1. Starting from the Cα coordinates of the range A:199-350, work out the convex hull volume and express it per residue in Å³.
2. Please compute the Kirkwood hydrodynamic radius over the range A:1-146, one decimal place, Å, based on all pairs of different Cα atoms.
3. Check B:Asp386: other-chain or 5+ apart residues with amide H under 5 Å from its amide H, H built from backbone geometry?
4. With everything on Cα atoms, drop me the angle between helix B:254-268 and the longest principal axis of chain B, reported from 0 to 90° to the nearest 10.
5. How much of the pair distance distribution for the range A:130-182 lies past 13 Å, counting alpha-carbon pairs only, in percent?
6. Place a +1 charge on the Cβ of each Lys and Arg in chain B and a -1 charge on the Cβ of each Asp and Glu, then give the dipole magnitude about the Cα centre in debye, rounded to the nearest 20.
7. Would you tell me the mean number of C-beta atoms belonging to other protein chains that fall within 10 Å of each C-beta in B:412-418, as a whole number?
8. On the accessible surface of the range A:212-258, probed at 1.4 Å, how many percent belong to carbon and sulfur atoms?
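The values are calculated or read from the model by the stated rules, or taken from the named source; none is laboratory data. Because the structure is predicted, anything quoted here is derived from the model rather than measured. Cβ sites come from the backbone with ideal geometry, for glycine too, and all protein chains shown count toward neighbours. Surface accessibility is based on the protein's heavy atoms, side chains included, excluding ligands, DNA and RNA. Shrake-Rupley method; radii C 1.70, N 1.55, O 1.52, S 1.80 Å.
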Amino acid sequence: METVEAAVAQIQALSGSIEDVSHLNGLLKQSEDSLRLKSTVLSPYLDQLDPSTHSLGYLYFLEAFTSTPIIKERANEVVALTIRFINSCTAAQIHLAPDKFVSVCKRLKEQVMWLETPIRGVAALLTAIRKLQPCTEQLTSLHPDFVLLCVLSKSYKTGLHLLEDDIFEIDQPKDLFLYSYYGSMICIGLKRFQKALELLHNVFTAPMHNLNAIAVEAYKKYILVSLIHRGQFSAAFPKYTSSVTQRNLKNYTQLYLDLASNYSNGKISELETFVQSNKEKFDHDNNFGLVKQVVSSMSKRNIQRLTQTYLTLSLQDIANTVQLKSAKEAEMHVLQMIQDGEIYATINQKDGMVRFLEDHEQYKTCEMIEHIDSSIRRIMDLSRKLTAIDDSMSCDPLYLAKVGRERTRFEFDDIDTAKFCI
Amino acid sequence: MENDEETSGQMIDEIYTNGGEGKRHGSTMNGEQLDVEAYAALYSGRTKIVRLLFIADRCGNPAMQSEALRMAYDEIKKRDDTQLFREVVQKIDGRLGPAYTMDTAWVDAVQRRAEVKKEKLDVELNAYRTNLIKESIRIGYNDFGEFYYSHGSLGDAFKSYIRTRDYCTTAKHIVHMCLNAILVSIEMGQFTHVTNYVTKAETTSEALEPVTAAKLRCAAGLAHLESKKYKLAARKFLDVGPELGNNYSEVIAPQDVATYGGLCALASFDRTELKNKVIDNANFKNFLELVPEVRELINDFYSSHYASCLGYLGNLKANLLLDIHLHDHVETLYNEIRHKALIQYTLPFVSVDLHMMAHAFKTNIAGLEKELEALITNNQIQARIDSHNKILYARHADQRNGTFQRVLQTGNEFERDVRAMLLRANILKYDYNQKQSRKQ
């Protein structure tokens, strides 16, 4: 294919059925380089192609077009073009050249960030991901980019929507790390601390050969979120963490571990002084907002502990026990917690007393039954999946070969025990 | 009808006073100072001296101190330990007059005697060894052990006693060796050895004499006490038979058995065990007669007269702090007993007025509230405090709700763990595939 026109003609001709398209794919692959060379003149030809029917061809052209650095004036145009393409392309055709699609989308992300309007890319990337994924459980390379754009443009709800999907298949571990890390930031922004903890936990317990910076940052945030959400932090790594992580992670995060041990001493004033003295370091990691939340969570934690031991307590006593400055401040804290649903209580302003109530949940309503039922079903699906994977692995020739090699070493002992079993 | 009102009125009064004022008849509260002479008369041998020195160090009272040091000096002169002698003289510092100063003549005499004796023993032992008569060798090593012990070289004494093991022929010999080893280990403070040798002695083929069995149980109890296993220590002390009498005065007096056993039992047994093993224990009664305060305080605790029980404890405290084995543990045991008393007080009630409770325990309400708060946080009392009206309400966990909560929580955790696991498996698979493709 020498000329671009010839290419265009080919595309228009061969975009009908599946075999045609695969044939077209082959042809286009061969002329990839030549297309790239002519990238600057490609834009008028793009108008001749229809993104929905000629998706594959359009993709090649677009990729060649965006492979060269784009000047600022044209950036807007390119962005609009790419978005239109993503919205209208056919998924089946895209799957023939997935890496091209990914690189086009990545260019889009770069452009959008360059133009400092990340929000333009959010919807487009979401559509792109949905079209690229063979199933919702697959992590594509676009996931981290999408989540990053959500974080930058503060469109947390959209990001959360994607995060709700469980991920089981991944292409690149690095994608997973970035995706989980950015995703956790979205969850923290929406105060979904449990999900954030899950995501961060996945990052630093993932198997890895060398410690990477993402794991370090994730661990720092994990410590902070764990203190906010659970009020405690255990520095023990689970067994399945890789040995590299177990040995080295603590060296990089010593400041946060000190913060955690300070927190567990239970004195707000000490915690505040510690935080103030290390303010620049926390700022440097962009974690100061989280750290402030940690400090405020401490008084909340103390008040919650009081609900376990007291039925009624005067506001002055609360202020004293929790080391707040005055009864008024205690009242504000308690009020805030009641509104947030963190404790159940009533404030009697006449006596200055707070009455702590029990959790009203009786576990008798229809909603609760439905909740339990859906949980059971979800878990059954999960365990079915688990057994399926276990089965497939036991039949995997590579695995059997490896295990078989080790078994021969022990065969002699096996035979002996077998004899004794008779 | 009227009778009921009367009796209920009486009962309320009793709960209120909690035996604070009523029950003083008979027992004398041992609030006065420890009588050093009487105390020391209970013991013999090296432990007497060590105990006297300990008392001299720890008591704040100069009169008692000089008395203890004087007695220690006299005792040491009766034995041959020059090291201890030097120590005592240093501590006396000339305060007790010219009769109690450094007697270098005596020291030299003792040293010379020691050397002569050592030579003699050495020669004898070598003779026996060449003759290869087991029994004589054993006796020889034993003599060496005794010699070293009386001169204060405890390590050498221990080693000598241990050497007799190879030459023991009958079970009696083994028991004898074990008892000696135990004695030296207790003096040295190495209680792991004590436990070992007690087990060794108890597992010999012959049945033990009751006195020996009692001695071994005391030693085992002491070892457990040192390692803070109060329940086991209590059990051992409670099993000591009355045959012990004064036979083990080189280590422990029967009063001590009663005190240690009683306090450890009170701190660690629950109510049924306390009744069965302590109050109804005929053997232990004999020991408790020797320390009537401990007997009274156990009975008070059992019959819920907490104020008087804690009163007795308070009085005994000063003297117990002067005891070499118990002094570290007094605080812990006392706290345990106090906590147990608080918990036992609140157990039968649905609601408790904190005023009455504070009066029963002779504290103020604020302090009581703090103590109760600590116990509730540790989940030892199931209750909630109404701080406004100062009432403690018992609170029983709702099993059904609790179960539902736990079920949902476990389900969530399972889900999280399995999802994370599948993810990690995937990463490993990817890794493995990478390696494979690189190899190929």
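1. Working: hull volume 18.4 nm³, N = 152.
In the range A:199-350, the Cα hull volume divided by residue count equals 121 Å³.
2. Computed over the range A:1-146, the radius equals 15.3 Å.
3. A:Leu311, A:Thr312, B:Ile391, B:Leu392, B:Tyr393
4. 20
5. On the way: 744 of 1378 pairs.
Percentage above 13 Å: 54.
6. Details: 55 positive and 59 negative charges, 494 e Å.
In debye, rounded to 20, chain B gives about 2380.
7. On the way: counts 4, 0, 4, 8, 6, 3, 5.
Mean shielding by partner chains, rounded to a whole number: 4.
8. Details: 1050 of 2170 Å².
Here it works out to 48 percent.
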